[in-house]
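The values are calculated or read from the model by the stated rules, or taken from the named source; none is laboratory data. Values in this document were obtained by computation on a predicted structure and should not be read as measured data. For neighbour counting, all protein chains shown are included, and Cβ atoms are generated from backbone atoms with ideal geometry for every residue, glycine included.
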Amino acid sequence: MKITEARFAGSSTHVGQKPGQKLPEFAFIGRSNVGKSSLINMLCGNRKLAMTSSTPGKTKVVNHFLINDRWYLVDLPGYGYAKLSQKAREQLSAMIRDYIYHSEEMVLLFVLIDSRHDLGKNDLDFLCELGENGIPFSVIFTKSDKQSATAVRAQLERDRAQLSEFWEELPPMFLSSAATGEGKEAILNYIDQILASLQP
């Protein structure tokens, strides 16, 4: 798949405010500062599409982007941002779960993990919650350009081993870099395959 058009379609704080046009939705989420906005911009070929910042926790609403007039890319707030107040964290958590559990159009949730670090408790708790509730998801390991290929492979092996303790069959996984474009073709082709399977 090649993205030829990507435009902002609206922000929401609950599913009742989503865009009126009902199309398949592919959502992206990860811990704050995992590189989510940079990855979205890389996939869409537009460095200014999603707001990027060196300050974690920038996304505070659910953002919909209409892709090729065919599907929505959904940018969700990050989880596990400790510097927010307890009330703010609870509000973001409620917003995230309202979308994940009640958006009838969400086809798949991409969970972003920083490829440089071991899986954190927040990551594992969130992935297990998705599994326990039957939410379809895939994992994208980000920032692969930040260390050597050998170090990346070693880290991914550790992550796979850790996840294998919870899943007999691991979800689809992708390695990506917003800087080099790694993973772009594989991720978009995977979305395209799912869209094709949804055709009547």
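Odds and ends about this structure:
- Residue match in segment 160-175 (condition: under 17 Å from residue 30 (Cβ atoms) and assigned to a helix (DSSP H, G or I)): yes
- Output for segment 1-30, where each listed residue is assigned to a strand (DSSP E or B), within 22 Å of residue 196 (Cβ to Cβ) and out of contact with any Cys (no Cβ under 7 Å at 6 or more places or on another chain): 25, 26, 27, 28
- Unique match (being modelled with pLDDT under 95 and within 28 Å of residue 12 (Cα to Cα)) among 140, 96: 96
- Within segment 56-83, the set of residues being of a type outside the set (Val, Ile, Thr), within 13 Å of the chain's Cα centre (by Cα), assigned to a strand (DSSP E or B) and modelled with pLDDT of 90 or more comprises 63, 64, 72, 73, 75.
- For segment 4-30, taking the residues that are of a type in the set (Lys, Arg) and in contact with a strand residue (DSSP E or B) (Cβ under 6 Å, 6 or more places away or on another chain), the one that is surrounded by the most Cβ atoms within 10 Å (Cβ to Cβ) is identified as 18.
- Enumeration of residues in segment 176-200 that are in a helix (DSSP H, G or I), over 27 Å from residue 125 (Cα atoms) and among the hydroxyl-bearing types (Ser, Thr, Tyr): 197
- The combined condition, being under 19 Å from residue 34 (Cα atoms) and either loosely packed, with under 13 Cβ neighbours inside 10 Å or out of contact with any His (no Cβ under 9 Å at 6 or more places or on another chain) (or both), is fulfilled by residue 175.
- Residues of segment 90-140 that turn out to be out of contact with any strand residue (DSSP E or B) (no Cβ under 7 Å at 6 or more places or on another chain), of a type in the set (S, T, N, Q) and within 23 Å of residue 21 (Cβ to Cβ), as a count: 0
- Residues of segment 178-200 classified as surrounded by 13 or more Cβ atoms within 10 Å (Cβ to Cβ) and either of a type in the set (Val, Ile, Thr) or within 23 Å of residue 143 (Cβ to Cβ) (or both), total: 12
- Filtered residues of segment 84-95 (kept if exposed (fewer than 13 other Cβ atoms within 10 Å of the Cβ), assigned to a helix (DSSP H, G or I) and not aliphatic (A, V, I, L, M)): 86, 87, 90
- Options 32, 38, 11; residue that is within 23 Å of residue 186 (Cα to Cα) and among the polar types (S, T, N, Q): 38
- Identity of the residue in segment 23-55, within 19 Å of residue 136 (Cα to Cα) and of a type in the set (Lys, Arg), that ends up modelled with the highest pLDDT: 36
- Residue count for segment 31-50, restricted to those that are crowded, with 18+ Cβ neighbours inside 10 Å, in contact with a helix residue (DSSP H, G or I) (Cβ under 7 Å, 6 or more places away or on another chain) and in a loop (DSSP other than H, G, I, E, B): 2
- Matching option when the condition is surrounded by 13 or more Cβ atoms within 10 Å (Cβ to Cβ), over 14 Å from the mean Cα position of the chain (by Cα) and in contact (Cβ under 8 Å) with a residue 24 or more places away in the chain, among 98, 118, 123, 114: 98
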